[in-house]
1. Would you pick out the residues in the range 208-218 that are of a type outside the set (F, W, Y), surrounded by fewer than 23 Cβ atoms within 10 Å (Cβ to Cβ) and closer than 28 Å to K105 by Cα?
2. Going through the range 141-161 one residue at a time, which ones are under 30 Å from R174 (Cα atoms) and free of Cβ contacts under 8 Å to residues at least 60 places away in the same chain?
3. Considering every residue within the range 14-26, establish whether at least one is open to solvent by 60 Å² or more (accessible area, probe 1.4 Å) and within 24 Å of T205 (Cα to Cα).
4. Of the conditions (1) of a type outside the set (A, V, I, L, M, F, W, C); (2) under 30 Å from H125 (Cβ atoms); (3) not in a strand (DSSP E or B), T270 clears all except one; give me its number.
5. Is one or more of the residues making up the range 43-58 touching a strand residue (DSSP E or B) at 6+ places or on another chain (Cβ under 7 Å) and free of Cβ contacts under 8 Å to residues at least 24 places away in the same chain?
6. Step by step: first the residues of the range 143-168, then only those that are under 20 Å from the mean Cα position of the chain (by Cα) and more than 18 Å from Y17 (Cα to Cα), then the one that is surrounded by the most Cβ atoms within 10 Å (Cβ to Cβ). Which residue is that?
7. Which ranges mark the strands (runs of 3 or more DSSP E) fully within the range 95-151 that have 2 or more residues being out of contact with any Gly (no Cβ under 6 Å at 6 or more places or on another chain) and within 22 Å of S191 (Cα to Cα)?
8. So, H194, is that one surrounded by fewer than 22 Cβ atoms within 10 Å (Cβ to Cβ), assigned to a strand (DSSP E or B) and touching a residue at least 12 places away in the same chain (Cβ under 8 Å) or not?
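The values are calculated or read from the model by the stated rules, or taken from the named source; none is laboratory data. Just so we're clear, the structure is a prediction, and the values are computed from it rather than from any experiment. Every residue, glycine among them, receives a Cβ derived from its backbone with ideal geometry; neighbour counts consider all protein chains shown. Quick note on the areas: whole protein, heavy atoms, side chains included, nothing else; ligands and nucleic acids left out. Shrake-Rupley method; radii C 1.70, N 1.55, O 1.52, S 1.80 Å.
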Amino acid sequence: MHRNNGHLRLADRASDYKRLGIKPVEIAEFEDGQRIGTESGRYEWWYFDAHLDNGATVVVVFYTKPNVSQNGPLAPRITINLTLPDGRSFAKLLDTRPELFKASKSGCDVSIGPNRIVGDLKRYHITAIIEEISVDIELTADVPAWRPKSGHLYFGVEEREKLFGWLPAVPHGRANVRYTIDSEEHRASGSGYHDHNWGDVPMQTLMHNWYWARASVGPHTVIASYITATASYGHETQTIFMLAKSGRIIADNDAKVSFETDRVAIDGKTSKPVADVTRYTYHDADTRYVVSFERERTILQAILTDRAPLLKRIIARLIGFDGAYHRFTGKLTMERFERGVRVDHFEDRAIWELMYFGKARDLKT
């Protein structure tokens, strides 16, 4: 359940919207442009994924700097994760020079060398190539851009609040993808998603861990996240939930949603507790939505310092940092109950993740 003792707030005051120059519901194009600088502590990334009808999954992320080096200067990074229907999986990473990064502040137009993202909240084109893997994605939204309240999650007391910003610019869309492995070319379509994050201090100083998921099931689109703050912020939690039906948002009040996990076990590679089942329950008068994610396959396990320079790995060990990232695929179930009676039931496939910055607390955390 959501707990709040004053260390964590999802900004929704009139003064917040005025200060940020945004509206409570309507999303402006500039909100998907560059939102923050690249000086020490500040970071930003633009994330895309697609779950294709042929069974492949594609994830592409453009970063201003690596997750483990957010106190450093601008250090552009691109990642491509490609999982094929035949079981092959590719995880590619490209770090490049600061002068190769360009981003617009008026809308989404981000380049890292020849790799580019451009879009207007409705249509996006993403091109990226790393070594033998290249992807070309056309993404067209069929659910409007959305954010939880202002999209700004603040940690700490006022006047000294620290920021984590989040904009799901395309909660759901149609993705047409061309991907190549060396000279082997494939074309497929499927469900696509794009979001955008930024902040003003390293995430590991704010967040102990988070689950995040997006999915489409029947006529519905789901975005869900459960964030646990670090001990400095009382391990407070924030649950975020959005449910849309046929392109219209029908549920997104974080005060009405609860989160639970089931079948939690320690991951053999990362030593983090990982749940086989994560479940979000949304209560609204006589209506209850239950959205469950059941893990079938872990498609990525990454210890965050593995690709860091040797000195940074040594420092991380000395200070006890052992952050890890997991990405899963599996079954999504969405149920709707009216006065306790189940009236809808849908199932589909989904992609979701667990980012775990902190030390494992216990199997129930």
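1. The answer is A213, and nothing else.
2. A141
3. no
4. With respect to (1) of a type outside the set (A, V, I, L, M, F, W, C); (2) under 30 Å from H125 (Cβ atoms); (3) not in a strand (DSSP E or B), T270 is out only on (2).
5. The answer is no; no qualifying residue exists.
6. Of everything passing the filter in the range 143-168, V143 is surrounded by the most Cβ atoms within 10 Å (Cβ to Cβ).
7. Once the strands (runs of 3 or more DSSP E) in the range 95-151 are filtered for at least 2 residues that are out of contact with any Gly (no Cβ under 6 Å at 6 or more places or on another chain) and within 22 Å of S191 (Cα to Cα), what remains is 115-119, 123-130, 133-141.
8. Judged against the criteria, H194 is not a match.
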